[in-house]
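Accompanying notes for the structure given below.
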Amino acid sequence: MNKIKFLYDVVKVMKGQEVLNGVATVEVQKDQGKIFYLKNEFNKNLLTMQTKANIHTEINYEGKEVKHQSTTEFANHCSHHGMGCRPMHHMGGRCGGIKAKLNKLAFALNLLQRIEVAEQANKTTLITLELPELPEEIKTLIQEKMKRTGSDHQHGHCCFAKELCSLEKGNFSSAMTVNKDYQIEKITITFDGVQNQESQSHVLNIVGELQLIY
């Protein structure tokens, strides 16, 4: 199987989707105790950018226990410039210049090289990625995502980012299931890591899952 051609077909089909329905979950455990849990049942119209979400959050972190349930509806619209919400950031080298862009390209190509694509007996295709440790680029992406997320769950996102950024070593893996129509059905991301805090060693386990419903 041509890996690049297959991934291109998946991207092309997913770009053509008008509506996405699914359930996203994230669970973080520290020393086998759950410190963060998030479940988001969502419906997103990719034409109008209207999103409906039912969000359930549980936090048990640094002596604070919080449970939160909310239903929200919002629309994400970029600016009228068309080339991104902050087009001036792409001028004058404010994004780090050519070197930064080449670093991102090298990182993406490295991930592509490591990806494995295998056909399954049930006619689905499994796409897997194994990394010996969580790359700094992924840490940065997660931190940026936490900052862009709504303030209703700010404490949970803060503890999630704080714990992740203090990791010293660990294993990262992801698995994506694609059906015969090149639609993504499920994405699972797992990370098992070790961190040292105040001369104590802790084990951190993170599992994120996205299930799309067609």
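The values are calculated or read from the model by the stated rules, or taken from the named source; none is laboratory data. On a predicted model such as this, the values are computed, not experimentally measured, just so you know. Here the Cβ is made from the backbone with ideal geometry for all residues, glycine too, and neighbour counts use every protein chain on show.
Just so you know, in the range 183-205 the residues that are of a type in the set (Val, Ile, Thr) and modelled with pLDDT of 90 or more include one that is farthest from Ala24 (Cα to Cα), and it is Val203. Restricting attention to the range 25-44, the residues being surrounded by fewer than 15 Cβ atoms within 10 Å (Cβ to Cβ) and not small (Gly, Ala, Ser) number 3. Thr48 meets all of the listed conditions (1) modelled with pLDDT of 95 or more; (2) of a type in the set (Ser, Thr, Tyr); (3) over 16 Å from the mean Cα position of the chain (by Cα) but one, namely (1). Confirm whether Lys180 is touching an Asp or Glu at 6+ places or on another chain (Cβ under 8 Å), among the basic types (Lys, Arg) and either modelled with pLDDT of 90 or more or assigned to a helix (DSSP H, G or I) (or both). Considered against the rule, which asks whether it is touching an Asp or Glu at 6+ places or on another chain (Cβ under 8 Å), among the basic types (Lys, Arg) and either modelled with pLDDT of 90 or more or assigned to a helix (DSSP H, G or I) (or both), Lys180 comes out as no.
Selection over the range 17-69 of residues that are free of Cβ contacts under 8 Å to residues at least 60 places away in the same chain and part of a strand (DSSP E or B) gives a count of 22.
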